[in-house]
């Protein structure tokens, strides 16, 4: 089976129903084995996942098998949390999975829960994503043993997490499920030690779980048929900005950036730069992107990252300085406000960027920005300041000429254009 | 030791340690209240200021222990071991002695939780530490209500000084601290002003007025015993021998 | 042993930097910048004291993982 894998169900009418889902993928081998009374050994799925080399697709890229082993080693019956929160404004992939192929996500979550003998599965989604909630809840209700007490399946429920860039961070999701506010907390304890209801908790991205739904059926060997040795399999990438056909694409890891762009209809005009990895990722100059591959390794070498699978193409018509200023200001406001270096550092960074864009910066503003970016990195409870610093640092490097121009002469004609980088309006979801 | 030989050594120790404990607690409270201002610098590092806060409170506990033990040991005033822990149960000035018992109970809670702070966690410790705002004013009122020397000028000035610096500290904190919590700020100002006003209204007709020893609840047997007049006199300066006789 | 700060609990009181300048410096907003190198034995008492006096209990002396 070649691509698409995760999105194979998308071409089928009514893909959200169990019948059409099973028409595409067949039923879970575990279900089949259970019906025939020959259950596979308890650790077999974890072994299969270890052999597959599957890494988390939420941005951190942690090996899933290691996570599963840690959760299994914890004290108490585990909890599984499927993280479908998509705080990254340019990311659409989790939404696509939850809304279009919910049964594949449920398959993977169920398989993980069985492997861990988990008590409960939580599907954490953005609170304002009514479509995902509807799709998931209908799909859960359709499962043969859904929610029945004493059934072999874990009880499951959908939790809407209030919108916010950091509210999808794993400790924030766990805190919210535990009745607290959706804010990150200091680690340790890690959620795999003490998470939901103080139980060992597997928190893993919706795409990662959907990949498990495939590995459980087709096995590790099949999974590794595509991709690179270090980064096997496929990945979902949200491509937006200056492309003719933006959307979520499933690509082989290690595929060229050029093939990704071709899949998105090609670029609209000449790209000035590419943002790889979202607002916690990094910019790569437009001239350097064509030789790159869609893999963590290749993109990091170039100064970007794959992260949660976000690629934004910045056309030459846009003003990179204004785009950076707007995103930096948004990142400052999205700080949970808990850690001093993040609160003060991101405010200082956003302020200095604004002053450069307006041409009223202090002489050493660039030096301050470089220093503050180093200063906030690694000093928050979560990775938010690190990501913001990475984004800003890469912008200052890739757009050095534009920043120098603005510092000297202030606003440019392109500053007034509608921004390419999307920023959510929080007003609509204030409730 | 018999009542005929006048005040016992214990009674003097009780009185003096009480005054020292109040001064130490006042220093502790003022530093604690002003902590929000982050006082400190090259000559007075913050850990030194913090050290005075800690050591001052522990020293106050030491003086307070002597204060309490000697008040029980002293055979003149009938203060039992129970009276110094359980408030408002004794026969000697029950209200004012009771306040002292209450203040020291609270202080013990504050000090114990502070010593176990790391085990309790910051939130629980901080919650109990707010009791300091109750313990200190109760101790002040206890000092006025039971104090034998409150009408002596040096003690009047000491007491007034303690009250004024804590008031000033609380008002200063309300002015600079709690920027987000307007209610806490207004509450702190209101409580400080109310406490000062209550003291100003109560003191002239109360401990600083006449016949306080009798009105405070000193057992009649002590008041009426002429041989003990010298001791009564030192317990409550207003109760001079003549006034005691006329009462 | 090494010192570690809980960035959420820390409220920039700064006592740690006074007591353990060998491992803690302050940024321009008063928050501690931790030097992650191990704390040598002769500094352990000071490090423990720095952790004990932290008004918000944000500093900890922990065994190196």
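Shielding value for C:8-21 is 5, the average number of Cβ atoms from other chains within 10 Å of each residue's Cβ. Using a Gaussian network model of chain A in which every pair of alpha carbons under 10 angstrom is joined by a spring, one finds that among A:278, A:11, A:76 the greatest mean-square fluctuation is at A:11.
Shielding by partners for peptide C:25-31, expressed as the average number of C-beta atoms from other protein chains within 10 Å of each residue's C-beta, is 5.
To the nearest whole percent, what portion of all C-alpha pairs in the stretch B:32-93 is separated by more than 14 angstrom? Don't jump to the answer; show the numbers that get you there.
Details: 1292 of 1891 pairs.
Every Cα pair in the stretch B:32-93 considered, those over 14 Å come to 68 percent.
Only Cα pairs under 8 Å and at least 6 apart count here; give the relative contact order of the stretch A:212-273 as a rounded whole percent.
Numbers: 80 pairs, mean separation 16.3, N = 62.
Worked out over the stretch A:212-273, it gives 26 percent.
Ellipticity at 222 nm from helices only: DSSP H runs of n ≥ 4 in chain A, each -39500 (n - 2.57), divided by the residue count, give -12500 deg cm²/dmol. If one puts a single equal scatterer on every Cα of chain A and applies the Debye formula without solvent, what log₁₀ I(q)/I(0) results at q = 0.07, 0.10, 0.11, 0.14 Å⁻¹? Each listed q maps to, in turn, -0.34, -0.69, -0.82, -1.29. Rounded is the label for the stretch A:276-431, because a/c, from the alpha-carbon gyration tensor with a ≥ b ≥ c as root eigenvalues, stays below 1.5. The distance separating the Cα centre of the stretch A:361-431 from that of the stretch A:53-91 comes to 30 Å. Note: relative contact order over the stretch B:74-212, using C-alpha pairs below 8 Å and six or more positions apart, is 17 percent. For chain B, the relative contact order comes to 21 percent (Cα pairs under 8 Å, sequence separation of at least 6).
Report, in deg cm²/dmol and to the nearest 500, the calculated mean residue ellipticity at 222 nm for chain B, where each DSSP H run with n ≥ 4 adds -39500 (n - 2.57) and the sum is divided by the residue count. It would help to have the intermediate numbers written out before the result.
Numbers: 12 runs with 173 residues, N = 247.
Taken over chain B, the calculation gives -22500 deg cm²/dmol.
Computed packing ranks the peptides B:43-49, B:143-149 as B:143-149, B:43-49, most packed first, by mean other Cβ atoms within 10 Å. Rounded to 0.05, the FRET efficiency of the residue B:198 and residue A:198 pair, given R0 = 45 Å and the Cβ-Cβ distance, is 0.40. The Rg/Rh ratio of the protein assembly as shown, with Rg taken over Cα atoms and Rh as the Kirkwood radius over Cα pairs, comes to 1.13. For chain A, modelled as a GNM whose springs connect Cα atoms under 10 angstrom apart, the maximal fluctuation among A:393, A:228, A:186 occurs at A:186.
Once you average over the residues of A:339-345, how many Cβ atoms of partner chains fall within 10 Å of each Cβ? Write down the numbers at each step before the final one.
Working: counts 7, 10, 8, 3, 2, 6, 4.
Neighbouring Cβ atoms belonging to other protein chains average 6 per residue here.
Note on residue B:221 and residue A:117: the model spin-label points, each 7 Å out from Cα along the C-beta direction, lie 7.3 nm apart.
Between A:240, A:373, A:290, the Gaussian network model of chain A with springs among Cα atoms under 10 angstrom shows the greatest mean-square fluctuation at A:290. Look at where the Cα atoms of the stretch B:1-75 and of the stretch A:225-245 average out, and the two centres are 71 Å apart. Cα centroids of the stretch A:179-203 and the stretch B:118-140: 30 Å apart. Globularity index of the stretch A:239-325 is 0.96 (Cα radius of gyration / 2.2 N^0.38 Å, N = number of residues). Given axes a ≥ b ≥ c from the Cα gyration tensor, I'd like to know whether the stretch A:183-282 is rounded (a/c under 1.5), prolate (a/b larger than b/c) or oblate. Cα axes put the stretch A:183-282 in the oblate bin.
Shape of the stretch B:48-175 from its Cα gyration tensor (a ≥ b ≥ c, root eigenvalues): rounded if a/c is under 1.5, otherwise prolate when a/b > b/c, or oblate?
Note, shape of the stretch B:48-175 comes out oblate.
Each reported figure results from applying straightforward, stated rules to the coordinates on display, with no laboratory input. Predicted model only: the values in this text are computed from it and were never measured. Cβ atoms come from the backbone with ideal geometry, glycine included; neighbour counts cover every protein chain shown.
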